[in-house]
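First comes the structure, then the notes that go with it.
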There are 2 protein chains.
Amino acid sequence: MRTHRREALDLLFHFLGVIFRDGHRIFTKMAEDLSASASPISKPDYWIIADSRYVSLLHAIYILNGADRRWSFRSPGTAIGKSQKSVQMGVGHSSLSSSVDSLCITAFKPQPKTSALYNPSPQRQGPLFPSHKHPPFAGLKFATFNSGRVAGKMEIQKGIAALQKPIVDFHGIDEDLIQKMVYDALVWTSLHGLVVGDRNVQRSGKLPGVGMVHAPIALLPTLFPESHWKQACELAPIFNELVDRVSLDGKFLQQSLARTKKVDAFTSRLLDIHSKMLEMNKKEEIRLGLHRSDYMLDEKTKLLLQIELNTISSSFAGLGCLVTDLHRMLLNDYGANLGLDSGRIPGNTATLQFAEALAKAWTEYNNPRAVVMVVVQTEERNMYDQHWLCTLGITYNVRSIRKTLAEIDSECQLLPDGTLLVDGQTVAVVYFRAGYAPTDYPSESEWRARLLMEQSSAIKCPSISYHLAGTKKIQQELAKPNVLERFLENKEDIAKLRKCFAGLWSLVDSDITKKAIDEPELFVMKPQREGGGNNIYGDDVKETLLRLQKEGSEEDAAYILMQRIFPAVSPTFLIRDGICHKDHAISELGVYGAYLRNKEKVIMNDQCGYLMRTKVSSSNEGGVAAGFAVLDSIYLT
Amino acid sequence: MRTHRREALDLLFHFLGVIFRDGHRIFTKMAEDLSASASPISKPDYWIIADSRYVSLLHAIYILNGADRRWSFRSPGTAIGKSQKSVQMGVGHSSLSSSVDSLCITAFKPQPKTSALYNPSPQRQGPLFPSHKHPPFAGLKFATFNSGRVAGKMEIQKGIAALQKPIVDFHGIDEDLIQKMVYDALVWTSLHGLVVGDRNVQRSGKLPGVGMVHAPIALLPTLFPESHWKQACELAPIFNELVDRVSLDGKFLQQSLARTKKVDAFTSRLLDIHSKMLEMNKKEEIRLGLHRSDYMLDEKTKLLLQIELNTISSSFAGLGCLVTDLHRMLLNDYGANLGLDSGRIPGNTATLQFAEALAKAWTEYNNPRAVVMVVVQTEERNMYDQHWLCTLGITYNVRSIRKTLAEIDSECQLLPDGTLLVDGQTVAVVYFRAGYAPTDYPSESEWRARLLMEQSSAIKCPSISYHLAGTKKIQQELAKPNVLERFLENKEDIAKLRKCFAGLWSLVDSDITKKAIDEPELFVMKPQREGGGNNIYGDDVKETLLRLQKEGSEEDAAYILMQRIFPAVSPTFLIRDGICHKDHAISELGVYGAYLRNKEKVIMNDQCGYLMRTKVSSSNEGGVAAGFAVLDSIYLT
């Protein structure tokens, strides 16, 4: 049996070697070293940091390994969260949870003294981005690793070279090295589908496979404090629940948006559909939310503050994961030169988890022949982000079809029992990747389509209530005193949410309006529209507020005022159209959340990976599509 | 222990589920079914066809599974070749070789009666491409599966749906189905790096990540007889050896090419370098060949005939594998509608094996800091094919750098001991993806670079001798009576080679020249140049021959005459620039071979996957880049 186990282990490593075709280089060293060593303990120490998607494989290796060899699985970055399965082994200081994002796996000699852990090198200190004396270059500090989590004497005999070299100055990175990294990054994007449609190529938004260009990306991950990262992750399931609760309070939604309705035609149409559903007493028993909550880290207060909560068409789950993989690959290759360690980039399984949520919703609908219908725009240069999700859907045997709102109007049919039919197939889930902006509804046809779907028994992601619960006006209402308490019971959860709320006000608050006219640089005016690029900053805030006061119309209800957040500005390498730009940039962290319930049963309420968006600091908007912004990942400090 | 093993098995399946991100859907069913069944034999029968890259994983699963569950691994298509590791298990009729291309894995109840095999459905008959009465539509016939290999009563309880439905008429495939498949194919190419530079985008040949378009592809694999496929595979190691032997006979190369030298300036320069090496008495102790032998199946004679042997810059190993994966994916999804089974597409690991060969050569050079230098053209729209190989190189910890011949001339340095240096790094292997065509040498600079590399101790892939051994003139010389016997001893090998030789003649043969003038449609005139697009067909053969006779110059030495091969013409769907064309097409099968030896030790002599190229039948050339041709895979009949 022992021989068998060893053979299996060797074969698994052989297999791991093969995986690298797909770029998961991290395993190479392990595969080579361990396959080479015929005897279990002929080589003393190895360790490796692995993506969460390999947790199960590593787990299997441990089991295979049994008593022969000792392994230690360890989370390098984050503390081990809600542990689903914990295996005690080796020298008694490590545990494995299959829910952690990254792992450190260590094989070692069975002497208790010679153990290994994540923090191998005490000299690993000093900033990557040197902290300057004055803003805007203060940046995020590069902290030393926290080794306090692990007790006992620690030493490592083999590790990542990066950790034994001094960390280089960001400004001093060799130009040749940058060029090599940029080239490797560009190659990687092309081979791994980190692509978008090229706006310079006509058909690129209509047809896959033509006019592709790499997605705009940051060359290296952006430093982000681990504590704030954990905070953002913890918030995801709470926001998931909040959206669900708010969505059930039709009266709250209608009342809060009543004034907005008068001045914003788009919100008004959404509210009309919502009213019809209330009149019909339509119940959504299966509710699916795929959200992304966006945050910025305010440099002055060091607070993680929410920018907005997207409850419809949360994008970049697909490409965001790939950027994480890309950055890990680059740090595996060049980390030694930079003093950076790929294990500090949290794993990102947003695509997988979103696909899983869609598949689980489809399962709840309980019709094996039904399809997932993706509602798409007529032109979509970000289609590959969507295709990644749908490709994964196939894993679950879930077929998806893509339709525009106009196509849905002409091709979809609603049966008397509520079944939504498209091309003769039942629709189990409607997944909106369009329909969030007024421009998505150029005619009555699109509104008819939206209503048709809402009336059906298909699971809507999102339903009209979920959509409305994500509007800026509702965000502002929820920030008012005692409003969260209407929807949530858990005081700790409420406190956590409140802690991330920035100042949010309606324009009827004359004190705030006055203050915003006096100090417009401290505020952002946000209209009730999605998609980025519509916010008002600086002197325009003042001018708009004065104009609205003068006109005395109700147009003020179309806006909210928000505290302006000043994130740290850091020098960054941004790559767009094959060209690398060095510029000062700010970043916005989006954390994905998936929520699925069927009546009283909550099937899924998870945090699901993340998206960092980094933009040249002179631009005000967070949308990657809107300005010169790039997809990014984070490096925990 | 049993619990542990079961847990490990479940975890492996969980892992397999994750793999599907990369499109290897084939495991889904297995992962789902088996993970779901808690008890080892609660579900009786499953089977699955898997890619060779998963052999080791399946093997590991078997070992994990031990005595609890019985598994049968079976090759669906090809017979099991040179078995490296064979495991007998289950009901004693199956074996597993880790060298086979595809596998069928079966779990079954331990009753000998209820077994499973590859040929599950007797109704699986009839042609996909109906055989018409007249050429050019005779096509390749779609044979029923050969079940003779497996003895015993066979039945299947679970299988691929495809096998239980009638096979549709190719002409009758539903237009909607075609459109869906084309769309899915385009998405897949984009997400999986099956891309090339778009000739309409200026920078697309210079910079990765910009101006990408899907590679031209066939929508479905082309039918190919299994016997001819096996024949082509068997030839690969023999040709590998032949090239090596010929390369060592400097006199043979010089003499055979003496007349060509006088009229072909390019060959002349190559021969000059070769002469210099002979004068220097330069020995290449480590010799690496990455070849591709191209064949067509002559419709009249049913013979597999060699078109040419590429010993330099054999392209499409990277993209060809992806086309195989794409076609398997499409047949997994749509095979049921087409009556086609993805398991009949042989696995293709050309990329992996070529990368392995490069890495092994690098290992033989024995300098861990040395690099592989890829010699590239200044513009290369097929760069992603090359990047796939180099990306894989990283798996083996082998770094590669890309240089043009001009860059090599200005940046490379030859040390007195023969070490080739580039950017201060030692070059272990020079891998040519340029240098095969006269246009690659616009000035003396490029020739200097070629000579410099040849003089060095770096391993050249190919060396000048290997390069010359692949010329058309040498192909024609080798086809002469008793020439093969100069290089090979094994009579069977010689007979196998000779069987695939088409008629090949020099123009000094006046009988043949006369015949070619009388019946030019039976011949092709091939100049001593690579790259496709230069061959002479039809009336042009006659005119050129008459002109050469009239002029009486020695220009005739620049050509060889070759028997024209008439492959079957089949209706095919070809996709280019996002558009699917239905046309009549002919196909050319290329089989890759890798050869590595160090002095007397042959380290590698393998067949390495394949490339099918399919082109609209009106075009005469085989080059995908040259005309309207597409990358394709094969479906064994």
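The values are calculated or read from the model by the stated rules, or taken from the named source; none is laboratory data. The structure presented is a predicted model; accordingly, all values stated were derived computationally and were not measured. Here the Cβ positions follow ideal geometry from the backbone for every residue, glycine too, while neighbour counts run over all protein chains shown. Note: accessible area is taken over every heavy atom of the protein model, side chains too, but ligands, DNA and RNA are not part of it. Shrake-Rupley method; radii C 1.70, N 1.55, O 1.52, S 1.80 Å.
Values for this structure:
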read-out	value
Meets criteria (of a type in the set (Gly, Ala, Ser) and either assigned to a helix (DSSP H, G or I) or out of contact with any helix residue (DSSP H, G or I) (no Cβ under 6 Å at 6 or more places or on another chain) (or both)) for A:Ser293	no
Enumeration of residues in segment A:186-202 that are under 24 Å from B:Leu322 (Cα atoms) and at the interface with another protein chain (Cβ under 8 Å from one of its Cβ atoms)	A:Leu186, A:Val187, A:Trp188, A:Thr189, A:Ser190, A:Leu191, A:His192, A:Gly193, A:Val195, A:Asp198
Flag if A:Asn397 is within 14 Å of chain B (Cβ to nearest Cβ), within 26 Å of B:Leu191 (Cα to Cα) and surrounded by fewer than 17 Cβ atoms within 10 Å (Cβ to Cβ)	yes
First in segment B:203-219 and more than 7 Å from every other protein chain (Cβ to nearest Cβ), second anywhere and surrounded by 24 or more Cβ atoms within 10 Å (Cβ to Cβ) and acidic (Asp, Glu), Cβ under 7 Å, 6 or more apart	B:Ala218/B:Asp632
Residue list for segment B:475-520, filter: hydrophobic (A, V, I, L, M, F, W, C), modelled with pLDDT of 95 or more and not in a loop (DSSP other than H, G, I, E, B)	B:Leu478, B:Leu484, B:Phe487, B:Ile494, B:Ala495, B:Leu497
Residue list for segment A:221-243, filter: buried (at least 23 other Cβ atoms within 10 Å of the Cβ) and either part of a loop (DSSP other than H, G, I, E, B) or basic (Lys, Arg) (or both)	A:Pro221
Matching residues, segment A:414-435, being open to solvent by 20 Å² or more (accessible area, probe 1.4 Å) and under 27 Å from A:Leu207 (Cβ atoms)	A:Leu421, A:Asp423, A:Gly424, A:Gln425
Filtered residue count, segment A:190-205, keeping only those that are out of contact with any helix residue (DSSP H, G or I) (no Cβ under 7 Å at 6 or more places or on another chain) and surrounded by 17 or more Cβ atoms within 10 Å (Cβ to Cβ)	3
Segment A:174-185, subset touching a strand residue (DSSP E or B) at 6+ places or on another chain (Cβ under 9 Å) and away from chain B (no Cβ under 12 Å), residue surrounded by the fewest Cβ atoms within 10 Å (Cβ to Cβ)	A:Ile178
All positions within segment A:559-613 that are in contact with a strand residue (DSSP E or B) (Cβ under 9 Å, 6 or more places away or on another chain) and not in a strand (DSSP E or B)	A:Arg564, A:Ile565, A:Phe566, A:Ala568, A:Val569, A:Asp577, A:Gly578, A:Lys599
Members of segment A:375-394 found to be more than 12 Å from every other protein chain (Cβ to nearest Cβ) and of a type in the set (Val, Ile, Thr), listed by number	A:Val375, A:Val376, A:Thr378
Some residue of segment A:471-486 being under 18 Å from A:Asn240 (Cα atoms), of a type in the set (Asp, Glu) and either open to solvent by less than 10 Å² (accessible area, probe 1.4 Å) or under 29 Å from the mean Cα position of the chain (by Cα) (or both)	yes
Contacts under 6 angstrom Cβ, first residue in segment B:356-380 being within 22 Å of B:Leu405 (Cα to Cα) and open to solvent by less than 50 Å² (accessible area, probe 1.4 Å), partner of a type in the set (D, E, K, R) and in a loop (DSSP other than H, G, I, E, B), 6 or more apart	B:Val371/B:Arg399; B:Val374/B:Arg433; B:Val376/B:Arg433
Test: residue in segment B:228-251 that is among the small types (Gly, Ala, Ser) and in contact with a helix residue (DSSP H, G or I) (Cβ under 7 Å, 6 or more places away or on another chain)	yes
Which listed residue is under 29 Å from A:Gly197 (Cα atoms), away from every other protein chain (no Cβ under 13 Å) and open to solvent by less than 30 Å² (accessible area, probe 1.4 Å), from A:Asp341, A:Asp440	A:Asp440
Of the criteria (1) without any contact (Cβ under 8 Å) to a residue 12 or more places away in the chain; (2) over 25 Å from B:Leu548 (Cβ atoms); (3) surrounded by 13 or more Cβ atoms within 10 Å (Cβ to Cβ), which one B:Lys515 fails	(2)
Segment B:279-297, residues that are polar (S, T, N, Q) and open to solvent by less than 20 Å² (accessible area, probe 1.4 Å)	B:Ser293
Residue selected from segment B:610-636 under the condition at pLDDT below 95 and farther than 22 Å from B:Glu380 by Cα, by the criterion most open to solvent (accessible area, probe 1.4 Å)	B:Ser618
Matching residues, segment B:584-602, being buried (at least 17 other Cβ atoms within 10 Å of the Cβ) and over 19 Å from B:Val323 (Cα atoms)	B:Ala594, B:Tyr595, B:Leu596, B:Arg597, B:Asn598
Matching entry among B:Lys251, B:Lys300, B:Lys262, B:Lys276 (being open to solvent by 40 Å² or more (accessible area, probe 1.4 Å) and not in a helix (DSSP H, G or I))	B:Lys300
Single condition B:Leu358 does not satisfy, out of (1) more than 14 Å from every other protein chain (Cβ to nearest Cβ); (2) farther than 26 Å from A:Ser190 by Cα	(2)
Subset of segment A:499-512 [more than 17 Å from A:Glu308 (Cβ to Cβ) and open to solvent by less than 60 Å² (accessible area, probe 1.4 Å)]	A:Leu507, A:Asp509, A:Ile512
